[in-house]
Amino acid sequence: LALQRVGGIIQNAGSVQEPFADAKIFFFFTQDCSSQLYESEHWQEELLKAKLFFESNIKVTDHQYRLRTYHKTFSGKEAVDLLLVAGITSSRQDAVLLGRAMMVEYNLFGHVCDEHEFEDSDLFYKFSH
């Protein structure tokens, strides 16, 4: 979904409006997908837009769990809700996959104790910056 909606790199062969799905649907690349794509200014701009959207729209607050306060955090459930409401993903499962990609591939955020991957739950995450 990120390749389709954020980067504009892939497109559904049948319908421009139809989102990426785990199904027997054909997609094609809209751009040259050489290694230069990842280094190009356009790709960096698209990643920055996605990062800025997520950072500026996720509600970051202090959360408490077992008498401990986790400052400037958000829950996985809150992040999944945001991705769904914004229309970036079409299901909670897709939002989890995108969240894991942002967490692992782009190091955008991480679990507060570095013990869990991204989940649609009340686990807390914080931005890496």
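Could you list, in sequence order, all residues of the range 91-115 that are assigned to a loop (DSSP other than H, G, I, E, B) and exposed (fewer than 15 other Cβ atoms within 10 Å of the Cβ)?
Filtering the range 91-115 down to residues assigned to a loop (DSSP other than H, G, I, E, B) leaves 91, 105-108, 112-115.
Glu105, Tyr106, Asn107, Cys113, Asp114, Glu115, listed by residue number.
State which residue is least open to solvent (accessible area, probe 1.4 Å) when the search covers only the range 116-129 and only residues that are part of a loop (DSSP other than H, G, I, E, B) and closer than 17 Å to Phe53 by Cα. Even if it seems obvious, please write down each step before you answer.
Taking the range 116-129 first, the residues part of a loop (DSSP other than H, G, I, E, B) are 116-123, 128-129.
Next, only the ones that are closer than 17 Å to Phe53 by Cα stay: 128-129.
On the way: Ser128: 61, His129: 165 Å².
Ranking the candidates gives Ser128 first.
So which helices (runs of 4 or more DSSP H) are wholly in the range 1-89 and hold at least 3 residues that are modelled with pLDDT of 75 or more, open to solvent by 40 Å² or more (accessible area, probe 1.4 Å) and not small (Gly, Ala, Ser)? First the steps, then the outcome.
Details: elements: 35-39, 41-57, 76-85.
Filter on the range 1-89 gives 41-57, 76-85.
The values are calculated or read from the model by the stated rules, or taken from the named source; none is laboratory data. Only a predicted model underlies this, so the values are computations on that prediction, with no experimental measurement involved. Note that we place each Cβ from the backbone using ideal geometry, even for glycine, and neighbour counts take in every protein chain shown. Quick note on the areas: whole protein, heavy atoms, side chains included, nothing else; ligands and nucleic acids left out. Shrake-Rupley method; radii C 1.70, N 1.55, O 1.52, S 1.80 Å.
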